[in-house]
1. Taking residue 4, is it buried (at least 17 other Cβ atoms within 10 Å of the Cβ) and either in a loop (DSSP other than H, G, I, E, B) or at pLDDT below 80 (or both)?
2. If you go through the range 100-115 one residue at a time, do you hit one that is at positive phi and free of Cβ contacts under 8 Å to residues at least 12 places away in the same chain?
3. Please find, within the range 45-88, the residue that is modelled with the lowest pLDDT out of those that are under 18 Å from residue 104 (Cα atoms) and touching a helix residue (DSSP H, G or I) at 6+ places or on another chain (Cβ under 8 Å).
4. Identify the residue in the range 118-132 that is farther than 16 Å from residue 40 by Cβ and at pLDDT below 95 and, among all such residues, is nearest to the chain's Cα centre (by Cα).
5. Say we look at the range 16-39 and pick out the residues that are in contact with a strand residue (DSSP E or B) (Cβ under 8 Å, 6 or more places away or on another chain) and not in a helix (DSSP H, G or I); which of these is surrounded by the fewest Cβ atoms within 10 Å (Cβ to Cβ)?
């Protein structure tokens, strides 16, 4: 990525005063930088990971823009979910092939793929840490085949 693009992103983020628009811009730029087709931004609230933004470019799905509520059940912090693992351990998780991975439960991912005619290939999960050491949330970024 060129330095001028990074500076442009930084200026855009700094200029944005609306919290929801800031999150949308940040989410969109992270997806572009990682060349992701889909992704979810979870925020840590009430001892769970709550869906804040979801996007799937191939399926033309966008949820959570302008602060609208995303109607998915929050992730409990005791599940075998890769996003929960990333948040609790404050570790980036890179899964090159979701369908051959046995470390995490991808049952819901497989069901969603089947319903939508989609195929999740790889996943990058990034914890968002607060300056004070706590967790703000998690980015889940997906590439398809």
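1. Considered against the rule, which asks whether it is buried (at least 17 other Cβ atoms within 10 Å of the Cβ) and either in a loop (DSSP other than H, G, I, E, B) or at pLDDT below 80 (or both), residue 4 comes out as no.
2. Looking through the range 100-115, none of the residues is at positive phi and free of Cβ contacts under 8 Å to residues at least 12 places away in the same chain.
3. In this case the residue turns out to be 78.
4. Looking at residues that are farther than 16 Å from residue 40 by Cβ and at pLDDT below 95, I get 129.
5. For the range 16-39, the residue satisfying everything is 35.
Quick grid of which residues meet (1) surrounded by 16 or more Cβ atoms within 10 Å (Cβ to Cβ); (2) free of Cβ contacts under 8 Å to residues at least 12 places away in the same chain:
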| residue | (1), (2) |
| --- | --- |
| 41 | yes, no |
| 47 | no, no |
| 54 | yes, no |
| 58 | no, no |
| 68 | no, yes |
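The values are calculated or read from the model by the stated rules, or taken from the named source; none is laboratory data. Only a predicted model underlies this, so the values are computations on that prediction, with no experimental measurement involved. So basically every Cβ, Gly included, is an ideal-geometry build from the backbone, and we count neighbours across all protein chains shown.
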